[in-house]
Amino acid sequence: MSRLMILLAVTVAVLFAASLAIGPAAAPVGRSLSALFVDDNGPLSMVMREIRLPRALLGLMIGISLGMAGAGMQGYLRNPLADPGLIGVSGSAALGAVIAIHTGLSAAFVLGLPLMALAGALGGVFLVMLLAGPQGGSQTLILAGIAISSLSAALSSLVLNLSPNPFAANEIVFWMMGSLADRSMTHVWLALPLMAAGWALLASLPRGLDALTLGEDAAEALGINLTRLRLKLVIGTAACVGAATAVAGAIGFVGLVVPHILRPYVASRPGPLIWASALGGAAMVLAADIVVRLILPTQDLKLGVLTAIVGAPLFLHLIYKTRRAGV
Amino acid sequence: MRLRVGPSTSASVRISKLISLGAALVFTGAAAFADAAPRRIVSMNLCTDQLAMLLSDPDRIVSLSYLATDPRSSAMHREAQVFARNQGQAEEIYLQEPDLVLAGQYTGVATVNMLKRLGKRVEVFLPAYSLEDVRDGILHMGQVLGHQARAEALVAQFDADLAALREDVQNRPLAALYYANGYTTGDKTLAGQILLAAGFDNAITRAGQSRAGNLPLELLVMLQPDAVVTGAKYPGQSRSEAILDHPVIRTLQKGRETGTVADSDWLCGTPYVLRAIADLVALRHRVEESQ
């Protein structure tokens with residue numbers, strides 16, 4: 001278990017460094033990294049500090065958020081298909097963010113963007129939990145997710161099409177697929193407070209989620225307050241996903257793939273899985289963001305393209321497996 | 001022309017009369033077509049809108065594209081106010097009964113083809129990629145509208161004004177054009193030629209780019225241009241334009257001269273590009289003073 005965490009931490013550290021070292025401005029790795037720490041009064045320090053550092057930091061933060069949120073939801077619903085992207089939480093967060101930007105709220109009030117994304121995500125999580133019920137049967141969960149995703153995607157597209165700005169309508173892709181291109185430290189500071197709150201809430205879940213594997217009655221007998229557990233999960237997930245989506249769009253499948261891969265290594269215990277998925281999510285998003293820059297260095301290939309290529313086949317596999325298991 | 005001689009002479013006479021009448025109509029029609037300029041002109045493209053306004057008699061313009069009155073895109077948005085506007089739909093344009101439809105190369109292909117099938121005369125204009133293309137476009141429009149003399153006068157004026165703006169620049173400062181989504185234009189574009197004519201070197205050329213395309217923010221920073229000329233913002237918010245507020249752009253512009261591209265003067269190959277050149281020449285003078 002601890003060996004797994006060390007391995008994951010090293011992977012994340014390596015990927016974080018690689019994310020800093022890779023970019024269209026081809027500079028030697030050593031010089032780039034030294035320009036990050038020592039101001040060379042030239043363009044390279046500016047590139048490293050203002051462009052690559054925020055990108056790598058956001059990749060790290062968003063990966064942690066999506067991994068934790070996925071593992072948390074799967075643990076609570078006891079369903080491996082619960083991914084914030086698939087069940088419509090990211091989509092509804094994107095709707096909140098789009099509304100904040102296009103009503104001018106985000107320009108008028110600094111935290112308007114993340115808070116509206118949080119509100120959207122809360123709405124999404126709440127609806128899903130309501131529709132799926134405490135047990136979270138696979139069919140209702142997926143159907144509810146499809147409905148919420150489609151509706152929020154449609155409403156986001158509507159808002160973007162109604163905008164007087166000629167570029168807005170083309171940004172539907174960004175909100176549906178997500179990207180870390182051209183973000184700045186402003187976005188890091190914008191997302192961090194809300195994300196940190198989300199991490200704290202989700203980090204308090206492991207004991208409760210472990211107890212819940214024995215069933216709700218047993219968990220309550222062990223002194224777990226299920227109502228509080230549920231509330232923390234809902235708010236924590238919404239905060240994580242809301243903040244991530246507000247600055248980078250909806251990046252799907254991270255919360256599905258990562259817990260699935262890591263589950264065997266934590267003996268299927270949802271508690272430790274949350275911690276492992278935090279690091280695993282960071283590794284996946286950082287890796288995806290490196291690959292999009294390697295495939296198309298000068299264009300903005302969306303992150304969601306890569307995560308879906310990896311995630312969607314796995315999703316199909318999981319559906320097949322749960323169907324056979326008769327869940 | 002031989003006519004069938006039949007028992008009923010009165011009928012054949014009627015036929016011959018009809019035929020000669022028809023022939024006469026065709027000939028006079030063709031003659032009118034060859035002689036006179038088009039009388040019902042419909043333009044479907046922002047750039048042909050402006051060339052038509054510059055060269056045609058106003059009473060011959062039936063409608064212009066809906067962009068003609070957009071102050072952000074059209075250099076002649078005020079002049080365009082008096083004309084009717086179309087949305088570029090084949091149906092509405094056909095019903096306006098034009099005898100000449102002006103379209104751009106990228107005007108809806110389906111619409112243009114349909115109008116041609118319906119027997120309308122459609123003249124397609126290529127976008128300008130250079131100042132030479134601007135001259136060609138004016139002359140082409142003059143020919144199509146039957147106003148060659150006006151077009152030649154306009155080109156002569158354009159040449160004279162352009163010559164007056166050109167200066168012999170020893171050390172050409174480095175400028176970058178940067179628009180929403182990190183879009184930029186190289187030397188082989190009208191905007192790039194405007195930049196060159198104003199005495200700047202295009203920073204993008206140093207990144208090995210000559211056409212229009214995306215330039216990652218990192219590369220822009222590494223080029224360290226003397227001036228960053230950004231696209232003017234449209235109303236409302238967009239993530240695409242957020243890049244123009246990126247701290248890096250702010251830093252690049254801090255302590256340096258900056259300019260804004262007003263699309264209206266840059267988009268179309270009209271004499272209004274001279275206004276863009278004049279603005280940039282003024283910017284270059286400021287850059288040279290500050291160095």
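Numerical summary
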read-out: Any hit, segment A:128-148, residues being open to solvent by 10 Å² or more (accessible area, probe 1.4 Å), within 14 Å of chain B (Cβ to nearest Cβ), farther than 9 Å from A:Ser92 by Cβ and part of a helix (DSSP H, G or I); value: no
read-out: Helices (runs of 4 or more DSSP H) fully within segment B:192-291 counting 3 or more residues that are away from every other protein chain (no Cβ under 11 Å) and touching a strand residue (DSSP E or B) at 6+ places or on another chain (Cβ under 8 Å); value: B:203-206, B:273-290
read-out: Criterion: within 12 Å of chain B (Cβ to nearest Cβ) and of a type in the set (A, V, I, L, M, F, W, C) - qualifying residue of A:Ala56, A:Ala69, A:Ala117, A:Ala107; value: A:Ala107
read-out: Residues (more than 12 Å from chain B (Cβ to nearest Cβ) and surrounded by 15 or more Cβ atoms within 10 Å (Cβ to Cβ)) located in segment A:158-179; value: A:Met176, A:Met177
read-out: Candidate set from segment A:20-40 (those that are part of a helix (DSSP H, G or I) and away from chain B (no Cβ under 13 Å)); member that is surrounded by the most Cβ atoms within 10 Å (Cβ to Cβ); value: A:Leu36
read-out: Residue match in segment B:128-143 (condition: exposed (fewer than 14 other Cβ atoms within 10 Å of the Cβ), in a helix (DSSP H, G or I) and of a type outside the set (D, E, K, R)); value: yes
read-out: Some residue of segment A:227-236 being under 12 Å from the mean Cα position of the chain (by Cα), farther than 14 Å from A:Leu60 by Cα and hydroxyl-bearing (Ser, Thr, Tyr); value: no
read-out: Filter result for B:Val124 (closer than 24 Å to B:Thr189 by Cβ and either outside any strand (DSSP E or B) or open to solvent by less than 70 Å² (accessible area, probe 1.4 Å) (or both)); value: yes
read-out: Any hit, segment B:159-182, residues being aromatic (Phe, Trp, Tyr) and under 16 Å from B:Glu288 (Cα atoms); value: no
read-out: Whichever residue in segment B:144-189 is among the small types (Gly, Ala, Ser) and within 14 Å of another protein chain (Cβ to nearest Cβ) and, among such residues, is surrounded by the most Cβ atoms within 10 Å (Cβ to Cβ); value: B:Ala176
read-out: Filter pass, B:Tyr234 being touching a residue at least 40 places away in the same chain (Cβ under 8 Å), over 25 Å from B:Glu288 (Cα atoms), crowded, with 17+ Cβ neighbours inside 10 Å and of a type outside the set (Gly, Ala, Ser); value: yes
read-out: Verdict on A:Met73 being closer than 24 Å to A:Leu8 by Cα and either modelled with pLDDT of 95 or more or surrounded by fewer than 24 Cβ atoms within 10 Å (Cβ to Cβ) (or both); value: no
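A quick yes/no check of all residues on (1) touching a His at 6+ places or on another chain (Cβ under 8 Å); (2) modelled with pLDDT of 90 or more; (3) open to solvent by less than 10 Å² (accessible area, probe 1.4 Å):
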position: B:Ala31; (1), (2), (3): no, no, no
position: B:Asp57; (1), (2), (3): no, yes, no
position: B:Leu64; (1), (2), (3): no, yes, yes
position: B:Ser74; (1), (2), (3): no, yes, yes
position: B:Val101; (1), (2), (3): no, yes, yes
position: B:Tyr106; (1), (2), (3): no, no, no
position: B:Met114; (1), (2), (3): no, yes, no
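The values are calculated or read from the model by the stated rules, or taken from the named source; none is laboratory data. None of these values were measured; they are calculated from a predicted model. All Cβ positions, glycine included, derive from the backbone under ideal geometry; neighbour counts span all protein chains shown. What goes into the accessible areas is simple: the full protein's heavy atoms, side chains included, and nothing from ligands, DNA or RNA. Shrake-Rupley method; radii C 1.70, N 1.55, O 1.52, S 1.80 Å.
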